[in-house]
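Okay, structure first, notes after.
The values are calculated or read from the model by the stated rules, or taken from the named source; none is laboratory data. This is a predicted model, so every value here is computed, not measured. Cβ atoms come from the backbone with ideal geometry, glycine included; neighbour counts cover every protein chain shown. Side chains included, ligands, DNA and RNA excluded: accessible areas come from the protein's heavy atoms. Shrake-Rupley method; radii C 1.70, N 1.55, O 1.52, S 1.80 Å.
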Amino acid sequence: MALGHDPGVGEEMAQARDELRSRPEIRDHVTGEVRQETMIINMGPQHPSTHGVLRLLLELDGETVIRCKPIVGYLHTGIEKNTEYRTWVQGVAYVTRADYLSPFFNELAYCLSVERLLGIEAPPRSQVLRVLLCELNRIASHLVWVATGGMELGAVSVMLYGFRERELILDIFEAVTGLRMNHSFIRPGGVIMDLPPDGARRIAKFLDTMPARIDDYERLLNDNPIWLERNVGVGILSAEDALAFGVTGPLLRAAGMPLDLRKDEPYSGYETYDFDVPVRTEADSYARYLVRIAEMRESLRIVEQALERLQEPGPVMVEDPKVGWPVKLSVGPDGIGNDEAYLHHIMEESMEALIHHFKMVTQGVRVPEGEVYTTVESPRGELGYYVVSANEYRPYRVKIRDPSFVNLQAVPTMVEGGLIADAIAVIASLDPVMGGVDR
Amino acid sequence: MKAAALADRIRGAFDDVLLARDEVTLLVGREELVDTLVRLRDQPDLSFGFLSSLTATDHPGKDPRFWVAYELRSIEHAHRMRVKVGLPGDDPRLPSITALFPTANWHEREVWDLFGLVFDGHPDLDRILLPDDWDGHPLRKDEELGGVGTQYHGAFIPPVDERTMP
């Protein structure tokens, strides 16, 4: 079958059914009646509340989930394998598509890995730009989470507000990088271009608008009886369980562990920014909501500090012509493209510049042999890149440790024993992005 | 602990320790893997109690052909290290560590799926990313990539490794 997984489904479900039928009679502990057999249902892969193509195999006793098995892989696109046949720079365009709600984090983690293999460091201004874009991205990602999570629990107005504000951020991304998603903006050695002339003004305007909007969400949800009913005490995952399952990010911080790689293992100069790590101890869905809302405010603080630092001009790509991306780009009315002046230079003025351009674009950089594992704090937790080089012009192996993939393993623990309706709230509070899970 | 100090500390207890690019790598045989991970977890000054990631690389024609890399992290001390296990190409088996780190479950399934390495003792070693009826293990370097046939005058798009490569 073209879509796959299907042959296994029938077998798996039949096995589970047989197993149930062979069990001894179950009597209800209250009425003493023989209980009806349990039911096995598929939630997903096409289901409005599974955040894409996540499939849950649920065994139900009435409304209670007694067994849950998450099944993934429907969005597998072979990103890791593809990068092995592309240049180091082209790899950026692949990894940015993995977790499509946090493209800058994928780009950053990949580029930090390549830079460590090369033994170089990106110029300070480009690092500030990276931090700024990542934090805006974190807000955008959390907005999608509050929007879709709200929708799944019936708070449809939150959905509209979340996507409305996310659009403000995507507009900034479009003005800065030329694209709303999948930017390929961060490259090994820096970023491809500086902010456009009105970039700082746009971001400052967003910083003025956003705090009041976050207040609005909190006014709408914090004490909302339905929101509380659906989230408080639901999907509890203790810190011990979380760590055993490798769960990181807001889920772990909502369980009382103040773990944040920006503080614990700082990168890109995060140690020089002033921000707090929001922590709650309730370990339920509602605590995760509060943590993410607080994180948005902290991200705004970081963006504000980064914007101030951008007043200092400087290069945004390493000066070394053997490493740095030679192409000058500019954003035109139809998106990002080659800068006219640069085109004129390589086509009309300098043969050497043309040769250099050709060599760097088609062949790129040779990266010395070695292996690194580099992590960043993505909106969903520890995003790690294990990159191996065999002294070639392309990677030997790129492994993406995606936080959604790892966090999903904790779903059975959080769902089993609860109601099926709570399973929806649990998945929502987990915020998995299947593009990252399946890669 | 800083990487250099950590490397020195681990050199005191193990033989094959590498330090490169501020990362500590410990090479062990598959027989010692579980014991090593338990020791690294239980020593109070190391306490590598968190498994970040687990993956493999394939080097056909070399011995060992496969390397499995375990990325360990210590929450208490905020330091990291890597444990690597080499496996021969004709017998790619190693013990599962799911009993030690439950998070290894899906990682090991992924490595089985993409590299065809067998984790003995894994509770549910099924494919995870690819369809259940998939043939082969695509992240092996000798796996055929296959091209794509088209309807345009019988044209065939060659696999990526047969196109012009840098």
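Hey, which of the strands (runs of 3 or more DSSP E) in segment B:1-91, taking only ones fully inside, have at least 2 residues that are open to solvent by 50 Å² or more (accessible area, probe 1.4 Å)?
The strands (runs of 3 or more DSSP E) meeting that bar are B:16-20.
Would you check if A:Ile427 is over 12 Å from the mean Cα position of the chain (by Cα), surrounded by fewer than 21 Cβ atoms within 10 Å (Cβ to Cβ) and assigned by TED's automatic domain parsing to the domain that holds A:Arg262? Taking the combined requirement at face value, the residue does not satisfy it. Criterion first (open to solvent by less than 10 Å² (accessible area, probe 1.4 Å) and either under 16 Å from A:Asp99 (Cα atoms) or modelled with pLDDT of 90 or more (or both)) does A:Arg138 satisfy it? Against the criterion (open to solvent by less than 10 Å² (accessible area, probe 1.4 Å) and either under 16 Å from A:Asp99 (Cα atoms) or modelled with pLDDT of 90 or more (or both)), A:Arg138 qualifies.
The residues of segment B:74-119 that are in contact with a Ser or Thr (Cβ under 8 Å, 6 or more places away or on another chain), closer than 16 Å to B:Thr55 by Cβ and in contact (Cβ under 8 Å) with a residue 40 or more places away in the chain, listed by number, are B:Arg80, B:Met81, B:Arg82, B:Val83, B:Lys84, B:Ala104, B:His107, B:Glu108, B:Glu110, B:Val111. With the condition kept exactly as written, say whether any residue in segment A:149-166 is in contact (Cβ under 8 Å) with a residue 12 or more places away in the chain, of a type outside the set (S, T, N, Q) and within 19 Å of A:Ile302 (Cα to Cα). Yes, because at least one residue in segment A:149-166 is in contact (Cβ under 8 Å) with a residue 12 or more places away in the chain, of a type outside the set (S, T, N, Q) and within 19 Å of A:Ile302 (Cα to Cα).
Number of residues in segment A:406-432 that are within 18 Å of A:Val72 (Cβ to Cβ), assigned to a helix (DSSP H, G or I) and not small (Gly, Ala, Ser) equals 13. Taking the criterion of being assigned to a helix (DSSP H, G or I), closer than 12 Å to A:Pro250 by Cβ and without any contact (Cβ under 8 Å) to a residue 40 or more places away in the chain, the only residue of segment A:262-289 that qualifies is A:Ala287.
Going by the conditions given, is B:Asp124 under 30 Å from A:Leu243 (Cα atoms), within 21 Å of the chain's Cα centre (by Cα), within 13 Å of chain A (Cβ to nearest Cβ) and modelled with pLDDT under 90? Can you show your working first?
Working: under 30 Å from A:Leu243 (Cα atoms): yes; within 21 Å of the chain's Cα centre (by Cα): yes; within 13 Å of chain A (Cβ to nearest Cβ): yes; modelled with pLDDT under 90: yes.
Spelling it out, B:Asp124 is indeed under 30 Å from A:Leu243 (Cα atoms), within 21 Å of the chain's Cα centre (by Cα), within 13 Å of chain A (Cβ to nearest Cβ) and modelled with pLDDT under 90.
Here A:Arg55 passes the criteria (1) under 23 Å from A:Arg401 (Cβ atoms); (2) touching a Leu at 6+ places or on another chain (Cβ under 9 Å); (3) outside the structural domain of A:Glu308 (by TED's automatic domain parsing) except the one numbered (2).
Does any residue of segment A:151-171 turn out to be polar (S, T, N, Q) and buried (at least 22 other Cβ atoms within 10 Å of the Cβ)? If you could, list the steps in order and put the result at the bottom.
From segment A:151-171, those polar (S, T, N, Q) are A:157; that's our starting set.
Subsequent filtering for residues that are buried (at least 22 other Cβ atoms within 10 Å of the Cβ) retains none.
Taking every residue of segment A:151-171 in turn, none turns out to be polar (S, T, N, Q) and buried (at least 22 other Cβ atoms within 10 Å of the Cβ).
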